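Mind looking over this structure? Questions follow.
The values are calculated or read from the model by the stated rules, or taken from the named source; none is laboratory data. In this text, all values refer to a predicted model and were calculated from it rather than measured experimentally. Cβ placement follows ideal geometry from the backbone for every residue including glycine, while neighbour counts extend to all protein chains displayed.
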Amino acid sequence: MGIFDRLATLIKSNINDLISSAENPEKMLNQIIVDMRDQLVKAKQQVAAAIADEKRLRDQADEEKKQAADWMAKAELAVRQEKDDLARSALVRYQEHTAHAEQLEVTWQAHQAETEKLKASLRDLSDKIEEAKRKKNLLLARQRRAQAQKRIAETMSSMSEKSAFEAFARMEEKIATNERMIKASTEIDEEFSGDRLARDFKALERAHGAASADAQLIALKQKMGILPAPAAPEARQLGAGAASAEEIHAEVEEVHDEKRPG
């Protein structure tokens, strides 16, 4: 099992445990991201170690090639000095280092391919973590919306429509009863408490005010020619008493008749 296969298994196991025991979705999502970041740090360390191994193999292969080149130079020097035995020995060493260099080159190429895969997987894991961070807020918004819908449904199921309207009807009747009681209490207080004489005078003042308004209306109509002008002072004195009162009463009644709607 590769590095990232083990990491994926570990992350999946941690997420399943969190989902099974989670009571707070926000804490759960935050913890998942924290765990993924921790695994990303560990993955980076392992990829860094793999890159270091690759460089070491590259250095070893280059060193073997260098050694082979050095022994070839020594073999050529021995040939120029007509020392064939030394030349043969140098060529043997040259062959050994060349073989080692070829083996290391093959190993390095294979290791380099694996390292590139690890780096690509590391980038993919990093992208997944960034995507998870972006999705977290969306998931939390969906969770809050689901909780709100659940609370509304629970409230509606616990209170039927009929019972709600019945409660409003009872409250309306109670308020109307209270209003009637307050009105009746006010009427009783006005009738049986306080200064009766003062109330009588207030009623008299209101009647006098109405009569004064009637007299002013008659005077205005006489001024406008709608009613006949008042009699001369001598005629008033001759007709003073009951006849004068009757005339005034008749004029007042005439004013009231004009006020009444036809």
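Only residues in the range 23-49 that are without any contact (Cβ under 8 Å) to a residue 24 or more places away in the chain and not assigned by TED's automatic domain parsing to the domain that holds K119 count as the first member; pair them with residues that are among the hydrophobic types (A, V, I, L, M, F, W, C) and surrounded by 13 or more Cβ atoms within 10 Å (Cβ to Cβ), Cβ under 9 angstrom, at least 6 apart or cross-chain, and list the lot.
none
Moving on. Quick test for you: out of A203, A153, pick the one residue that is assigned by TED's automatic domain parsing to the domain that holds E26, modelled with pLDDT under 80 and either among the aliphatic types (A, V, I, L, M) or exposed (fewer than 10 other Cβ atoms within 10 Å of the Cβ) (or both). Reasoning before the result, please.
Details: A203 fails: assigned by TED's automatic domain parsing to the domain that holds E26.
Every option except A153 fails the conditions.
Can you say whether T186 is among the polar types (S, T, N, Q) and either touching a Pro at 6+ places or on another chain (Cβ under 9 Å) or at pLDDT 80 or above (or both), as far as the supplied structure shows?
On the way: among the polar types (S, T, N, Q): yes; either touching a Pro at 6+ places or on another chain (Cβ under 9 Å) or at pLDDT 80 or above (or both): no.
Spelling it out, it is not the case that T186 is among the polar types (S, T, N, Q) and either touching a Pro at 6+ places or on another chain (Cβ under 9 Å) or at pLDDT 80 or above (or both).
Another question about this same structure. Looking at (1) buried (at least 17 other Cβ atoms within 10 Å of the Cβ); (2) closer than 30 Å to A120 by Cβ, find the lone condition where M72 falls short.
(2)
Select from the range 49-64 the residues that are surrounded by 16 or more Cβ atoms within 10 Å (Cβ to Cβ) and not acidic (D, E) and write down the one among them that is nearest to T107 (Cα to Cα).
L57
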